[in-house]
Amino acid sequence: MNFMDLVSRRQSVRGYRDKPVEREKIEKCLQAARLAPSACNAQPWRFVVIDSPDMKDNVAKTTFSQLVPMNKFTLTVPAFIVVVSEKPNLTSQIGGLIKNKQFHLIDIGIAVEHICLAAAEQGLGTCILGWFDEKGVKKLLNIPRQKRVELMISIGYPASDEIRPKTRKDLTQIASFNHYE
């Protein structure tokens, strides 16, 4: 499939078939993330794949609460990829301080989208999650206290093959040439 078809196909999936994801497919997604660019080649990430049924159920329970039930779909997710920030190299750290930018978060965003695009290419669906109990996830996965869990990605076979229409701003509303409009 060409790139624009792939980008059009990639969407946030919140319904999954009850079918495990083959590790080879997950590894292909991780390879795509590994090849993502990063500031000063810092590669400030670590990915923890959760595909054991008991562990994935426990991880899913960290994504919602009685007060915020919006992520209950995660109970049907076949696997998760947990994204942990690693300390960037010295050059990236210094550059981030000088420019007042968190380059490691930009880098992680690029790597995560590489995962999602690689998944879509293989017929898998994903949803990037930012709402979860970070302390709970760290405890379940033995992630050191000083580390940050930035995102989680649900991954599996979509329950539906439907590609929802994308509602996006017109290009003229988000882009201009040679000056800000």
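The values are calculated or read from the model by the stated rules, or taken from the named source; none is laboratory data. Quantities reported herein were computed from a predicted structural model and do not represent experimental measurements. Backbone-built Cβ (ideal geometry, glycine too); neighbour counts: all protein chains shown.
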Enumeration of residues in the stretch 135-165 that are at negative phi and without any contact (Cβ under 8 Å) to a residue 40 or more places away in the chain: LYS135, LYS138, LYS139, PRO144, ARG145, GLN146, ASP161, GLU162, PRO165
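Here's the yes/no breakdown for (1) at pLDDT 95 or above; (2) surrounded by fewer than 17 Cβ atoms within 10 Å (Cβ to Cβ); (3) of a type in the set (D, E, K, R); (4) closer than 25 Å to GLN146 by Cα:
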site	(1), (2), (3), (4)
PHE3	yes, yes, no, no
ARG10	yes, no, yes, no
ARG23	yes, yes, yes, no
GLN43	yes, no, no, yes
ALA60	yes, no, no, yes
MET70	no, yes, no, no
THR74	yes, no, no, no
Give the stretch 67-79 a look and list any residue that's among the aliphatic types (A, V, I, L, M) and either touching a residue at least 40 places away in the same chain (Cβ under 8 Å) or within 14 Å of GLY136 (Cβ to Cβ) (or both), or say none. VAL68, MET70, VAL77, ALA79
Checked pairs for the stretch 48-66, first assigned to a loop (DSSP other than H, G, I, E, B), second of a type in the set (Ser, Thr, Tyr), C-beta under 8 Å and 6 or more apart or across chains, list as PHE64/THR74
What number of residues within the stretch 118-130 are of a type outside the set (D, E, K, R) and out of contact with any strand residue (DSSP E or B) (no Cβ under 9 Å at 6 or more places or on another chain)? 2
Condition broken by ALA120, with the remaining ones in (1) out of contact with any Leu (no Cβ under 9 Å at 6 or more places or on another chain); (2) more than 24 Å from MET55 (Cβ to Cβ); (3) surrounded by 21 or more Cβ atoms within 10 Å (Cβ to Cβ) satisfied: (1)
In the stretch 82-104, which residues are buried (at least 16 other Cβ atoms within 10 Å of the Cβ) and either under 15 Å from the mean Cα position of the chain (by Cα) or of a type in the set (Asp, Glu) (or both)? VAL82, VAL83, VAL84, SER85, HIS104
Return a yes/no flag: does the stretch 162-179 have any residue that is within 18 Å of the chain's Cα centre (by Cα) and modelled with pLDDT of 95 or more. no
